[in-house]
Amino acid sequence: MNTLEENEDELFIFSVRKLHVEEQDVRNIIAWRERYTYLEKCADACEHVADIVGSVAMKNS
């Protein structure tokens, strides 16, 4: 899961950079940046859940 989240981090950085370079409409930049940010938060939350599940599994084994 950590590897997936790291890949998502790289994709987030790439996408936001590309957005700011290629997009001219400020409204589109704001809208897409917000979407990318929510996806990043979702990936972070999934990683956190996976860490908790892993900890619980280790404690109960």
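Read-outs throughout are calculated quantities, based only on the coordinates presented, and are distinct from any laboratory measurement. Small disclaimer: the values here were computed from a predicted structure and weren't measured. Every residue, glycine as well, gets a Cβ built from its backbone with ideal geometry; the counts of neighbours run over all protein chains shown.
Observations
- Residue within region 15-22 that is polar (S, T, N, Q) and more than 16 Å from the chain's Cα centre (by Cα) present: no
- Reported count of residues in region 30-43, each being out of contact with any helix residue (DSSP H, G or I) (no Cβ under 7 Å at 6 or more places or on another chain), within 20 Å of ASN2 (Cα to Cα) and either touching a residue at least 40 places away in the same chain (Cβ under 8 Å) or of a type in the set (D, E, K, R) (or both), is 1.
- Just so you know, in region 1-33 the residues that are in a helix (DSSP H, G or I) and polar (S, T, N, Q) include one that is farthest from ILE52 (Cα to Cα), and it is ASN28.
- Counted residues, region 1-53 - those being among the hydroxyl-bearing types (Ser, Thr, Tyr) and exposed (fewer than 14 other Cβ atoms within 10 Å of the Cβ): 3
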